[in-house]
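Here the structure comes first, spelled out in structure tokens, and everything after it is commentary.
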Amino acid sequence: MFRFTIARIAQSIITLVVLSIVVFFGSELTGDLALSLATADTTQEELEEIRRKLGLDRPAYIRYARYMSNLAQGDLGVSGTSRRQVSEMMAERIPPTLQLAAVGLLLAMVVGIPLGVLAAVKRNTILDQISKLFAIVGMSAPQFWVAIMLIMLFGAQLKWLPTYGRGGLDHYILPGIAISLFVMAGFMRLTRSSMLEVLDSEFVKFARIKGLQERLVIFKHALKNAIIPVLTFGGVSFAGLLNGAIVVEVVFAWPGLGRLMLDSIRERDTVVIMATILTSGFLYILMSTIVDILYAYVDPRIRYQ
């Protein structure tokens, strides 16, 4: 198990390094960073001075090594537009994104897993058909459309819930639903298929033959064995929710990482763009690694393969 854990962590580190290479050298293709920082009154001499201070007069591989050295010390650079430390900006934006993703995952699990269990138990009934329809709609409806419809219904028409900004618990409901609908449908489908497989297994049939109550058979025997792949999906989905919050954060004016990324792209703030992409990639890789290691602890077949 120790070897499996070390190997998985090493793979994650290599993936992060590759991501940093792609992000850094990809930013080189966007144009001269000094020009994006210059104003209309900047002279050629001042432009050259900006390049010298930023190290843009050096070869790309030297600048990459310097960037990685600063990154290892927690220095993400300085924003070209706000002149603030990017690390400070990220520290302000990451918690709202984590909170929104956590709310979305909680809603997806609370609704999707019970609905999947119910659809499996009531297989081929009208309830099962409705659940399948919900899964299709949930996985195909665009997040921005869902967000706008929620705002129109619960904000503009019924005036029940706030539609923008981050405040009390009521501010989390609409963006939480919008961001979780896709994952909710995924939970429902995966739980249903996993439950159907377990319900047809021999040990469940034996439990029913023994005369156990159907409620115990479903929740104690079947669900306990069917929940493992569902929980794995939950961990990976949480990482996906972190990266998929950009559209929802923009629609609901949520002060998170996704909105910061979009604002930095609009302002051509290359330093912030690189930091947000690397942070999003790091969070995704981190969550995927944790899920893989925990899954290996739960299912020994994974670490022996």
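A few comments on the model shown:
- Between THR81 and PHE25, the contour length at 0.36 nm per residue exceeds the Cα-Cα span by 18.0 nm.
- Listed peptides 87-93, 275-281, 172-178 appear in the order 172-178, 275-281, 87-93 once ranked by packing, highest mean of other Cβ atoms within 10 Å at the front.
- Each peptide in 282-294, 62-74, 133-145, 106-118 receives the mean, over its residues, of other Cβ atoms within 10 Å, and ordering these scores from highest gives 106-118, 282-294, 133-145, 62-74.
- Under the Karplus curve 6.51 cos²θ - 1.76 cosθ + 1.60, θ = phi - 60°, whole-Hz ³J(HN,Hα) for the stretch 231-241, x wherever Gly or Pro sits: 5, 4, 4, x, x, 5, 5, 4, 4, x, 5
- At full extension, ARG52 and ILE6 could sit 12.5 nm farther apart than now, given 0.36 nm per residue minus the alpha carbon distance.
- J(HN,Hα) series, the stretch 7-17, from Karplus relation 6.51 cos²θ - 1.76 cosθ + 1.60, nearest Hz, glycine and proline x: 5, 5, 5, 4, 4, 5, 5, 4, 4, 5, 5
Values quoted throughout were computed directly from the atomic coordinates according to the rules given, and no laboratory measurement underlies them. Not measured: the values here are computed from a predicted model. All Cβ positions, glycine included, derive from the backbone under ideal geometry; neighbour counts span all protein chains shown.
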